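The structure appears right after this line, and notes come after that.
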Amino acid sequence: MILDKENLYSDDQALTTTADSTNVLDLGVANRGPGNPMLILIQVTTTFAGGTDVTIDLETDDNTSFSSLSTIG
């Protein structure tokens, strides 16, 4: 799998509570169309202290401020 800096959303981000990603993917007016899945790799490399789980939400919005976001996954 090829990864690049533009598609890296949370690199060494502290997850001590609810936190948003430190990056966003802006597809603009791109129309990937049906049948063209986007794959996302989620990798945690640190053991959590205290908590026993983590929840990842994939969110979308039509603006970069995420003022009217929708959770899609």
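Taken together, Ile56, Ile72, Ile42 contain a single residue that is surrounded by 10 or more Cβ atoms within 10 Å (Cβ to Cβ) and modelled with pLDDT of 75 or more, which is Ile56. Cβ separations smaller than 8 Å between residues 6+ apart or across chains give the following pairs from the range 53-70 residues that are among the charged types (D, E, K, R) to residues that are exposed (fewer than 10 other Cβ atoms within 10 Å of the Cβ) and in a loop (DSSP other than H, G, I, E, B): Asp57/Gly73; Glu59/Ile72; Asp61/Ser67; Asp61/Ser68; Asp62/Ser68. Is there a residue in the range 6-15 that is modelled with pLDDT under 75, in a loop (DSSP other than H, G, I, E, B) and in contact with a Ser or Thr (Cβ under 6 Å, 6 or more places away or on another chain)? No, that holds for no residue. Per the listing Asn31, Asn23, the residue uniquely assigned to a loop (DSSP other than H, G, I, E, B) and over 18 Å from Gly73 (Cβ atoms) is Asn31.
The values are calculated or read from the model by the stated rules, or taken from the named source; none is laboratory data. Since the model is a prediction, treat every value here as computed from it, not as a measurement. Note that we place each Cβ from the backbone using ideal geometry, even for glycine, and neighbour counts take in every protein chain shown.
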